[in-house]
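Bear in mind these aren't lab numbers, they're just calculated from the coordinates by the rules spelled out. No experiment lies behind these values; they were computed from the predicted model shown. As a convention, Cβ positions derive from the backbone with ideal geometry for all residues, glycine included, and neighbour counts pool all protein chains shown.
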2 protein chains.
Amino acid sequence: MPADGILIQRTKLHPQVKLLKALPHLRSATSAVRSPIARKTWSEHIATKVFFCTTTTKGTPAAAPPTTHPQSSTPPTTWGAKKQNRKVKLRSAAAEFIMSNPEIEAQLAPLRERVQEQGNLVRDLKAKGAAELDVKKAVAELKARKKLLEDKELALTPSVVSFDRAKMEDLLKRRFFYDQSFAIYGGITGQYDFGPMGCALKSNILALWRQYFALEEQMLEVDCSILTPEPVLKASGHVERFADLMVKDVKTGECFRLDHLIKQALEKLSKAKEATPALQAECEDIIIKLDGLNKQELADVLAKYNIKSPLTGNDLTEPIEFNLMFATQIGPTGLVKGFLRPETAQGIFVNFKRLLEFNQGKLPFAVAQIGNSFRNEISPRSGLIRVREFTMAEIEHFCDPVLKDHPKFGNIKSEKMSLYSACNQMDGKSASQVEIGEAVATKLVANETLGYYMARIQQFLLAIGIKAECLRFRQHMSNEMAHYACDCWDAEILTSYGWVECVGCADRSAYDLGQHTAATGVRLVAEKRLPAPKTVEVSEIVPNKQALGKTFKKEAKNITDALAKLSLEEITKVEEQLAGDGQYKLTTADGQSHELGKDTISVKHSSKTVHVEEFIPSVVEPSFGIGRIMYSLLEHSFQCRDGDEQRCYFTLPPLVAPIKCSILPLSNNTDFQPYTQKLSSALTKAELSHKVDDSSGSIGRRYARTDEIAIPYGITVDFDTLKEPHTVTLRDRNTMKQVRVGLEEVVGVVKDLSTARTSWEKVTEQYPLFEQQEASSK
Amino acid sequence: MPADGILIQRTKLHPQVKLLKALPHLRSATSAVRSPIARKTWSEHIATKVFFCTTTTKGTPAAAPPTTHPQSSTPPTTWGAKKQNRKVKLRSAAAEFIMSNPEIEAQLAPLRERVQEQGNLVRDLKAKGAAELDVKKAVAELKARKKLLEDKELALTPSVVSFDRAKMEDLLKRRFFYDQSFAIYGGITGQYDFGPMGCALKSNILALWRQYFALEEQMLEVDCSILTPEPVLKASGHVERFADLMVKDVKTGECFRLDHLIKQALEKLSKAKEATPALQAECEDIIIKLDGLNKQELADVLAKYNIKSPLTGNDLTEPIEFNLMFATQIGPTGLVKGFLRPETAQGIFVNFKRLLEFNQGKLPFAVAQIGNSFRNEISPRSGLIRVREFTMAEIEHFCDPVLKDHPKFGNIKSEKMSLYSACNQMDGKSASQVEIGEAVATKLVANETLGYYMARIQQFLLAIGIKAECLRFRQHMSNEMAHYACDCWDAEILTSYGWVECVGCADRSAYDLGQHTAATGVRLVAEKRLPAPKTVEVSEIVPNKQALGKTFKKEAKNITDALAKLSLEEITKVEEQLAGDGQYKLTTADGQSHELGKDTISVKHSSKTVHVEEFIPSVVEPSFGIGRIMYSLLEHSFQCRDGDEQRCYFTLPPLVAPIKCSILPLSNNTDFQPYTQKLSSALTKAELSHKVDDSSGSIGRRYARTDEIAIPYGITVDFDTLKEPHTVTLRDRNTMKQVRVGLEEVVGVVKDLSTARTSWEKVTEQYPLFEQQEASSK
């Protein structure tokens, strides 16, 4: 099984990635950053057992008194998700606690100051047009200071309930939500199989995603190939740049991620007894600046401190760029190199022409795709957060670059969002609560379309059960963002791994379509009507076909084809050269050169009235990492019963719960069978997933078992069921309360509950409570 | 772009595959055959433009008078799919026509006789225990004769409407149902991107599949990794055997499938002017026997006839076995070889222990998985029928090998099926109409579980719109079937490519779990209670740990581990050897050998009362090729309007149609806008996919456009809509009839139609017909 290098979690952007960001024309720069399965996670180093705010067993957090948020220009209000009937205070509970606790704020104040100081330095350097390297180093220092602040903030965050990751992971494994792939063969790191519960949860999340985005926004959903030929990923920049640096043990071949390795080695060095204060400072300085160092600089560090393999003490190779795509060969010749796609987006871009045509040539339109992508991580860790094979749901919204308003923006403009702007980040502040309408009006968020998607992403995440107080949108700082993107916000969810980037939402301008146009010569453009027709000068090459045919025979067609593709600039050059020495040297598609004389071609000028103009559309791209969202949701919904820490369960909302209902006969008395069978058939007819548990074991123990797999409702068939009028009990997982409902009615009630057409509260008003409490355990 | 070899379609089983079938212990034998994307398609050579039976524009075939089917022991009846409200004569229309037409039957009679004669010869040879090679050759000849008969039958099949594949493909491309992947980069053969319509159709088919199988049968659905490490596929037999033979052009590297190449070359040779009758006979003989030849025999043919590259005339290499799996490396070391899975099934088998545990240790249970698989075809052709990347939906039903009855068999036992038994195939007969209950009772179908799935497969295929008269279940002949499978039936659908295997349904016994158990030492078994406890003799090895530790130091643990794994037989051997020369030579897991003496180990005998016994479960496996099913469905539902051959459309049932409803304002009059917007919101709320077409163009032209993408219902907003009471027209795609419905009611009507809760006939009874006919074209 694979050598996975050393166990260090990533805490910073990899230097290679940062390097990419500085190169404006490379797609991979964003690829490495923009996607939910991107190369870094904030605060990933936070220990397994952390404390953070969580809800009571009822699923709604204790409401905090409304206080004015000092960092925000808008007063805090109860916001969002009215549709979902949620009554959640959406201000960050953590931030609120800190703000109202002067003691804690006093501890944070010096850290905030240090961030702001460095932020100002970066601003200064940029304003002065300082050397790129200086800016990079200042930014690296800024990030290090931000991280210290954020870690401290999280450490001071109060918790209602402590979160025990190991306990949750044990349950997930035991009830096969998901588990390591090929475990009986020793397993492969970074690959997971979803068992029945994980698979159903995932497919319910995806079904809701389709409803929220593909259906409600009338998107064009596509399903493109995973195997991608090399030229496509060359154009996108992935072949050249989608890489991490690593070194190998020269004897064992063991691989290590270079930045992780150096950090670990220098930390060890500076903690050694014999370390001088000078050496310690030196090491600390390098660790802070690690992100800003290039391949050579990193190699120099390796050499200077004589760093060896931490496992064997053997020598290491020079740094190697390891491309993170899985390579293979398509077809039997061995000549067609292909890769497993590292993102689904490229499949949409290369189909742009067909999709525009399908939409009858009209903009804007959005294309959605759900599918698997692959990244050959050097040493994947952190469970579902960083994996080699993952499901993404991506949207590419194509629009006119000068018209980025959105017709439905009005619907969501009052949505309150926790926005962690680049500015706040530079100033050492926390996220602010802002209405998205205001954020767009003040240009904090670049345009309506981007703002619209951010609000819809939030609505979706809240609908599936992500806790509002653990969700924020973090803006990329200008140095993080690819040059061509004008704005980018990541939806980050707070988990025991820290804030995890789960959805990227970027305005990517015209980059990708431009790259594929350049690579293929196929113009991936749209047209729009000009306000008024305009007259343009047209220059074109007129081939003398007869003369060409005579001179060049079979080559004549290639020549006329090549002539037809010349740009305006090139035509001007042709004209100049014909006027000069009377010859123009043309290179055809097959690479051959031909000298063309005045007898074979001429340049004609004319004027033409045009009514439309061509342009490359802009792209706004929300990109969802389904595995990360799912993992965060599991953390947010994990609970243990008060007073019984062994009885754990998930409060997943019925909409996404893997199974909607259980049927439990009170005992294995055969009289109950006709009723359980009848209920099972009726639930199937109503398209409700359910599970009959007629195994032995007390009813309490069986309830606990259904709670573990997040079944929200349970129907129990008991002796009263046998009497007329036939009734059953219906139990709610979260409250453990039961009501008594008619046998004929109960399936309808479960259907309404599962599709959010009614709530448990309403059901308890409608039907009599069933008082007999379940035994906690037996 | 890839060299794709020569364009010859496959008509027979590849010799390699046949070879595999003769090897009982190799999983790949079936892998190559059992799956929907298997290595052969019957009658693939049928020309692009063929004629076959099809329906009238109403979607129901003209009912033929009931005649007794001479080949069947049961009288033909109207069968199947009452639930779906279909009134289709399910006897094969083709077979029926032939039977009732003595002239055609006279033409077929000699062909039938030739098949039967050869079938009898094969039976004889097998009965006599003839040499394997002789049997193989006789079977090859039998297949060739069967094929001649089948081709003739199809050629004589009457057609109501001729089917023009090129025309359909043009429409599929133009409206982007699906198209070649990466076309702007030149495209890759055997890879397709699904556009909005193809993607929605596919996802509707899969949703219905989930409902029919995962939900109704309460299966455990899983979602396993695509990247699979080599040892897993070694155990399954794919690494060694999942291959086709090919040769390469020594100069250009162009690759050719060996059997295709030889067939083409010999056909050319025998058609040459100078060919003697002797040479012609020789060539024909080889072509017929091609399937039965092994690698060396094929190489000999190549040499004997001095066959060169058909493209360049260059020499060819020796035959090379080309493994059809895409290989890659997992992790950075380059040491962990992996493949893209060639089928989804292995992911289920390696998770068997977890799944059995999830099911509380109880059998039977079924596991479902939908996902992509990959096969690196040498030269993929035939559109969606043979591709390199495809979606499968597989079920593995695990059961007690001696209890293969099915609790729900009674529900489907009267389902009439078109069964093309191995016996009928040997006798030159057609498929017979048989009730599945009778087929199981007479042992034609091996057991209830297999029969149950066959009936459910049929119900599913009919529900999505496959024509009953173009569906049959073909039994694998004993020589086609892997030794460990006790019965196997393929659901074959008649298309313009001939009969295409779309769903495999095999009883695979305990093969796969056995292989993975052998490879990993993890016992993939279930337990069952014995009718009565029994006493068994137990032999075990007792290691003298102290002595072992002293003698073998660090190796002692490996030795005790290896001892614990010894089988009963091996323990007996240990005992014998210890009793003999007092030494036993043990090989540990790391391959080292150790001599163990009497001082270190001894053998102990005792007796034990056991209440349960362990067994390896049997597996019944229905395996669906979603792309093939989808393609067949498109062919079956392709229609052109009477009298207007340019106006083509698809009669896809509303349940699977990509978009359920269109909204067409009569003109671009702005008064219509509030109504179209209101309707669009209401349809979204009802979760109905829809498309607003407010483009210019006559209403007739817009209807035609919605017909092309199979939208079953259209709502038109006209001037009457503006008046009170507000009404709209509702149009049915298949009949082009319209009714007038209240604005408030229409969404409910469309919802009921789309979910099959009502029918168009009922709607026309309930609402007034709207008489104004649409212009056919303008």
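Each of A:731, B:381, A:354 has some number of other Cβ atoms within 10 Å of its Cβ, and from fewest to most they run B:381, A:354, A:731. Each of A:489, A:499 was scored by other Cβ atoms within 10 Å of its Cβ. Listed from fewest to most, they are A:499, A:489. Our summary gives segment B:285-382 a relative contact order of 23 percent, counting only alpha carbon pairs under 8 angstrom and 6 or more residues apart.
Ranked by how many other Cβ atoms sit within 10 Å of their own Cβ, fewest first, the residues A:373, B:309 fall in the order B:309, A:373.
Only the Cβ atoms of Lys and Arg (+1) and of Asp and Glu (-1) were treated as charged; on that basis the dipole of segment B:675-725 about its Cα centre amounts to roughly 80 debye. Taken one residue at a time, the phi angles of segment A:557-563 give Karplus couplings (6.51, -1.76, 1.60, θ = phi - 60°) of 5, 4, 5, 5, 4, 5, 5 Hz. Gly and Pro are set to x.
Phi-derived couplings, Karplus 6.51 cos²θ - 1.76 cosθ + 1.60 at θ = phi - 60°, listed residue by residue for segment B:621-638: 10, x, 10, 9, x, 5, x, 5, 4, 5, 4, 4, 4, 4, 4, 5, 9, 7 Hz, with x used for Gly and Pro.
Taking square-rooted eigenvalues a ≥ b ≥ c of the alpha carbon gyration tensor, is segment A:251-313 rounded, prolate or oblate, where a/c under 1.5 means rounded and, failing that, a/b exceeding b/c means prolate? Oblate, because a/c is 1.5 or more while a/b does not exceed b/c. 3J(HN,Hα) along segment A:338-346, derived from phi through the Karplus expression 6.51 cos²θ - 1.76 cosθ + 1.60 where θ = phi - 60°, amounts to x, 9, 6, 4, x, 7, 8, 4, 4 Hz, with x in place of Gly and Pro. Using the average count of surrounding beta-carbon atoms within 10 Å as a protection proxy, the listed peptides A:341-352, A:534-545 rank, highest first, as A:341-352, A:534-545.
In a shell of Cβ-Cβ distance under 11 Å around residue B:326, excluding residue B:326 itself, what net charge do Lys and Arg (+1) and Asp and Glu (-1) give?
+1
Taken along the Cα-to-beta-carbon direction at a fixed 7 Å, the label points for residue B:174 and residue B:590 span 7.0 nm. Of the residues B:637, B:605, B:617, the one whose Cα sits farthest towards the positive end of the charge dipole of segment B:591-649 is B:605 (charges of +1 on Lys and Arg Cβ, -1 on Asp and Glu Cβ, taken about the Cα centre).
Here segment B:635-704 is assigned +1 on the Cβ of each Lys and Arg and -1 on the Cβ of each Asp and Glu. Its dipole about the Cα centre then comes out at about 220 debye.
Listed cross-link partners B:573/B:598; A:553/A:585; A:136/A:295; B:136/B:248 are compared with a 20 Å cut-off, the Cα-Cα value being larger for B:136/B:248. Take each residue of peptide A:229-240, count the partner chain Cβ atoms within 10 Å of its Cβ, and average: the result is 2. In the assembly of identical copies, residue B:400 has its label point, taken 7 Å from Cα in the direction of the beta carbon, separated from the corresponding points by 7.2 nm (ascending, one decimal). Normalising the average separation of contacting C-alpha pairs (under 8 angstrom, six or more residues apart) by the number of residues puts the relative contact order of segment B:578-654 at 15 percent. Between residue A:723 and residue B:423, the modelled labels are 5.9 nm apart [label points 7 Å from Cα along Cα→Cβ].
For the pair residue A:607 and residue A:402, a Förster radius of 25 Å applied to the C-beta separation gives a FRET efficiency near 0.45, rounded to the nearest 0.05. Each 10 Å bin from 0 upward holds the following percent of the Cα-Cα pairs of segment B:115-246: 9, 15, 20, 31, 22, 3, 0. The rotation axis that maps chain A onto chain B passes nearest to the beta carbon of this chain A residue, listed with its distance in whole angstrom: A:328, 2.
What value in Å³ per residue do you get for the convex hull of the alpha-carbon atoms in segment B:520-667?
Convex hull of Cα atoms, per residue: 293 Å³.
Distances from residue B:585 to itself in the other copies, using label points 7 Å out along the Cα-Cβ axis, amount to 7.6 nm in increasing order. Under 5 Å from the amide H of residue B:181 lie the amide H atoms of B:188, B:191, B:192, B:193, each residue being 5 or more positions distant or on a separate chain, with H modelled from the backbone and absent for Pro and chain starts.
Contact order for segment A:242-329, expressed relative to its length and based on alpha carbon pairs under 8 Å spaced 6+ residues apart, stands at 45 percent. Treating each Cα of segment A:408-484 as an identical point scatterer and summing with the Debye formula, the log10 of I(q)/I(0) at q = 0.11, 0.12, 0.16, 0.24 Å⁻¹ comes to -0.28, -0.33, -0.59, -1.19.
Given +1 at the Cβ of Lys and Arg, -1 at the Cβ of Asp and Glu and no other charges, the dipole of segment B:375-520 around its Cα centre is 340 debye to the nearest 20.
Going 7 Å from the Cα of residue A:216 in the Cα-to-Cβ direction, what parts of segment A:629-662 have a backbone nitrogen less than 17 Å from that spot? Residues A:653-656 qualify, since their backbone N sits under 17 Å from the label point.
Extending 7 Å from the Cα toward the beta-carbon at both residue A:772 and residue B:148 defines two label points whose distance is 7.7 nm. By definition, a body whose alpha carbon gyration tensor gives a ≥ b ≥ c is oblate when a/c is 1.5 or more and a/b is not larger than b/c, and segment B:321-411 fits this oblate description.
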